[in-house]
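K.L.:
Structure below; questions to follow.
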Amino acid sequence: MTLRPVSLKGRGLPEGGKARRVYLHLHEEIMRGVHAPGAVLPGEQKLAVTLDVSRVTVRRALDALEADGLIERRAGSGTTVCAPKVQPSLAADFNTLMPQLVEMGQNTTARLLSFSYGTAPGGVAVAMGLQPDARVQAAVRLRLVEGEPFSHLTTWVPEEIAQNYTEAELATTPLFRLLERSGVKVDAAHQTVSATLASPDVAEVLGVSIGAPLLSLDRVVKDADGRGVEYLAALYRPDMFRLEMSLSRVGAGEGRHWEPIIKPARKEAAE
């Protein structure tokens, strides 16, 4: 686990496309250190001229930055940049992502938001190789590190497997442990990583703005017989979680290229 500076949770992006553009412009400059902590930002009128917007638009953007804790405005002394607070952050090497995610499940806490049984969503059923009318247990959990939410996890497990554990157990025990206890012999998994935007319900529990960028990871887990035993749709806050990959330069001449450095997984994490 590492610590890195990030902005405080805000109340949301300002209304209006131009105000959001100004907000994102200033937010990026503050986070990159263009405006260092303690520096005084240009006045509203100068910002309006520089960014070719109205003073009302600038004011909306500054309101949002102040709500994020990135600036402080005082009459007579202008707008001062605040030092971003440090909060917990997790990093995972892309080459050993699976065991590291397992280890995260052991070193973080989870809050169960919902638990139900029903028909599997179409895309989930196809990915897991289930019948269209197959029933699954669906759960939504919020994972926290040091009390701060950093991931939103939705899982689907075939009903015949999920009946081996209770809602209370899922609220306190990592799902992979419950699957193992149910006799599932996990053999393979396929996962994809992309980016998405936070919907209103996800934004609320993760403490980010609606429409904020999130890291999206989808994983289908199968047993030794090729049957789908779990579908995971995970959303991570990019300010608290990042994927890393080490590369080495290999080959010769025109065939020289970058290649991932595959690191062996830690035994205790893979079990």
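K.L.:
In this structure, is ARG111 in a strand (DSSP E or B), at pLDDT 85 or above, assigned by TED's automatic domain parsing to the domain that holds PRO238 and not small (Gly, Ala, Ser)?
P.N.:
yes
K.L.:
Moving on to the next point. What number of residues within segment 246-266 are within 30 Å of PRO149 (Cβ to Cβ) and modelled with pLDDT under 70?
P.N.:
Qualifying residue count, segment 246-266: 3.
K.L.:
What are the residues in segment 210-251 that are under 13 Å from the mean Cα position of the chain (by Cα), charged (D, E, K, R) and farther than 30 Å from THR119 by Cβ, if any?
P.N.:
Of everything in segment 210-251, those that are under 13 Å from the mean Cα position of the chain (by Cα), charged (D, E, K, R) and farther than 30 Å from THR119 by Cβ turn out to be ARG237, ASP239, ARG242.
K.L.:
Of all residues being in a strand (DSSP E or B) and over 22 Å from the mean Cα position of the chain (by Cα) in segment 114-156, which is surrounded by the most Cβ atoms within 10 Å (Cβ to Cβ)? Just the residue, please.
P.N.:
VAL136
K.L.:
Right, next: So which residues in segment 186-216 are closer than 20 Å to PRO149 by Cβ, of a type in the set (S, T, N, Q) and at pLDDT 85 or above, if there are any at all?
P.N.:
Result: THR196, SER199, SER216.
K.L.:
Restricting to segment 20-71, and then to whatever is β-branched (Val, Ile, Thr) and out of contact with any strand residue (DSSP E or B) (no Cβ under 8 Å at 6 or more places or on another chain), can you tell me which residue is modelled with the lowest pLDDT?
P.N.:
Per the stated criteria, the residue is VAL34.
K.L.:
Might you check whether a residue that is at pLDDT below 90 and touching a Pro at 6+ places or on another chain (Cβ under 6 Å) occurs anywhere in segment 92-102? I'd like the intermediate steps shown before the answer.
P.N.:
Step one: filter segment 92-102 for residues at pLDDT below 90, giving 92-102.
Pick out the ones that are also touching a Pro at 6+ places or on another chain (Cβ under 6 Å) and you get 95.
Within segment 92-102 (the criterion being at pLDDT below 90 and touching a Pro at 6+ places or on another chain (Cβ under 6 Å)), the answer is yes, since at least one residue qualifies.
The values are calculated or read from the model by the stated rules, or taken from the named source; none is laboratory data. Values in this document were obtained by computation on a predicted structure and should not be read as measured data. Here the Cβ is made from the backbone with ideal geometry for all residues, glycine too, and neighbour counts use every protein chain on show.
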